[in-house]
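Inspection log for the structure reproduced underneath, given as structure tokens.
The values are calculated or read from the model by the stated rules, or taken from the named source; none is laboratory data. Here the structure is a predicted model, which is why all the values come from computation and not from measurement. Note that each Cβ is placed from the backbone with ideal geometry, even for glycine, and that neighbours are counted across all protein chains shown.
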Amino acid sequence: MSSPVEIIRPRAKQRPGDRVFSASALIAGSLILAILAAVAGFLVLQGIPGIAADPESVSIYAEGIDFTSFVIPLIFGTLWAAALALAMALPLAIGIALFISHYAPRRLAQGLGYIMDLLAAVPSVVFGLWGANVLAGAIQPSFVWLEENLGWIPLFAGPASGTGRTMLTAAIVLAVMILPIITAISREVFLQTPPLYEEAALALGATRWEMIRTVVLPFGRPGVISGAMLGLGRALGETMAVAMVLSGSGIITFDIISSENPLTIAANVALRFPEAYGINVNVLIATGLILFAITLIVNSIARYIVNRRKDFSGAN
Amino acid sequence: MVSTVSPPQAVTNPLTAGRLPTAVPWGILAGTLAASAAVFGLLQASTAEEDYNIVGAVFFGVVGYVVLIYIVSRLVEGTRRATDRFVTALVGLAFVIAMLPLISLVFTVLAQGSGRIDLDFFTLSLRNVLGEGGGAAHAIIGTLLMTGVATLISVPIGLLTSIYLVEYGRGRLAQAITFLVDVMTGIPSIVAGLFAFALFELILGPGTRVGLSGAIALTVLMLPVVVRSSEEILRLVPNELREASYALGVPKWLTILKVVIPTAIAGITTGVMLSIARVIGETAPLLIAAGFSNNFNFDLTEGRMQSLPVYVYYSYISQGTDFQPYIDRAWAGALTLIAIVMILNLGARLVARIFAPKLGR
């Protein structure tokens, strides 16, 4: 610095505009941190009194029930409904993604992809309305059939619900709702399979299915897994469709066609919150906190899988 | 064709030998569909049901095709090609199955909802309405107000955050923000509602349900979507543009403002419209945070505020003794909601197509 022959380094001049702009961008970014911290903070703050509350003072508890025995059937219902939905949606989604990426003609494929995106945009309350009014009635006869012919499987033990508003119906609605998410991500990954690999497989005499089995599916597996996890996260948190379709009670059962079903956390909150008062509100917020934790874990696993294989993400 | 050396034999093309002609699968598909349609027709005639089960007919027709094409192909073409055709048929079947609920949904909403789409529905509230009549104007206004405020909050913050991540962010803070945006994307909508409720309960006292609270809940859901989509678009802006601008001596903030953002504006607009479409149909958070009401309310800071999704939900669950008008209103609300979402989606795509930057030559 002191030497007379100073090297002129073209340092960027710090203009006021630059400072204001970069500072506001930084503040906005930090706001995200603050908001997320606030979400977690307020839920904990309001939820802790609900967990610690004396069971006698909580009017939404049934006789002889405390927070743990109140929340466990709900957690079970949440996981069970989401798992059923995923089991139904995943094979279908892989099929549709393959159809769009490798089977349909290119022109048609674009339109089909657009239709799947529209399916994703349909609001959940509309799905709920459709599930409760149309699907439940249409599917109920098959419950009777399932009970009569497959009743020896615990899933279909029955007695079959007369209204069709069962766990299976709710899971089907959930499956339809998460289908577009899993499809979109799987399709994206399948499309990124290097064409050279595909052509090499075909040149070796593989049929289209053999090419897909040996090249496309192994290549796309991480993407499909993360898509499935994101779909699972959506199914876990989905509220209205379940609240409108399922007629639930606080029991634990694997029977998916009877009229006695476990509710999910989100649906339980939506159904009880509008009328809740006092400490009941805190109990419901505490269950919401548990739901938050569950979806956080599921989504983090999904992100971890995606980030481990960054090349597959759609952005690049 | 008569030969004295070998028995009469059709000339076969060795390249197509052992393969089904292209028309055969289509023929089988048409055949099974027709057979299935006929069976269901007979079933309908014998059980005297009034509705023809078109879903069942298509479904079993396609399932029949899957089975039949496998058998035929296995006889003519061998196991490997048969498996290939089997999977092709299965993939097609998956697509048909996925389309069925969508078609059913669209048809029901159109059929049931169009009955109540009239002037009253868009001009009246449900104040003092028991039974027939009434409208959803108060709900539509509530939805527009709350979504509007949520957009006003989340677009500047989201856009600036994405600018930070793309243009400024280096190191740990940027990584943390990227991770937390991902976490935020996964927040269940009802948890966002509970957060807004808890927040306003602390500020304004227990049991507060106001429109602003609903808007905050929607902001929590909308913000990560805006950040994600803008970030992806900003990253697509070619670096050459930025460098050309710096080379001309333009400061960084002006480069971002005058070069980067104008190039990306179409994509950003599309992202914002899609994020609005995503939150405008949210029911659970508004049910928790903003409550429900049968009256007009234009004040976001005072009193409960109805929104269209909650309107649909309440029309459905609190049916009166004469339930038909309530159901009709629920379907009409659902139709309006779907129409809004579709218009936003189509508009977003249109913006993306028309105002896309003219890159390349």
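Where residues in region B:271-308 are of a type in the set (S, T, N, Q) and within 17 Å of residue B:333 (Cα to Cα), which of them is farthest from the other protein chains (Cβ to nearest Cβ)? That would be B:295. When restricted to residues that are under 16 Å from residue A:272 (Cβ atoms) and either at the interface with chain A (Cβ under 8 Å from one of its Cβ atoms) or of a type in the set (Ser, Thr, Tyr) (or both), region B:199-214 contains 1. Restricting A:21, A:42 to residues that are within 7 Å of chain B (Cβ to nearest Cβ) and in contact with a Lys or Arg (Cβ under 9 Å, 6 or more places away or on another chain) narrows the list to A:21. Can you tell me which residue is farthest from residue B:100 (Cα to Cα) among those in region B:42-67 that are at pLDDT 80 or above and more than 33 Å from the chain's Cα centre (by Cα)? Restricting to residues being at pLDDT 80 or above and more than 33 Å from the chain's Cα centre (by Cα), the top hit is B:42. Cβ separations smaller than 6 Å between residues 6+ apart or across chains give the following pairs from region B:329-354 residues that are closer than 13 Å to residue B:280 by Cβ and touching a residue at least 12 places away in the same chain (Cβ under 8 Å) to residues that are of a type in the set (Phe, Trp, Tyr) and assigned to a helix (DSSP H, G or I): B:333/B:311. Against the condition within 21 Å of the chain's Cα centre (by Cα), of a type outside the set (Gly, Ala, Ser) and modelled with pLDDT of 85 or more, how does residue B:106 come out, does it pass? Yes; evaluated as a whole, the condition is true for this residue. Looking only at residues in region A:287-301 that are more than 7 Å from chain B (Cβ to nearest Cβ) and without any contact (Cβ under 8 Å) to a residue 40 or more places away in the chain, the one that is nearest to residue A:43 (Cα to Cα) is A:293.
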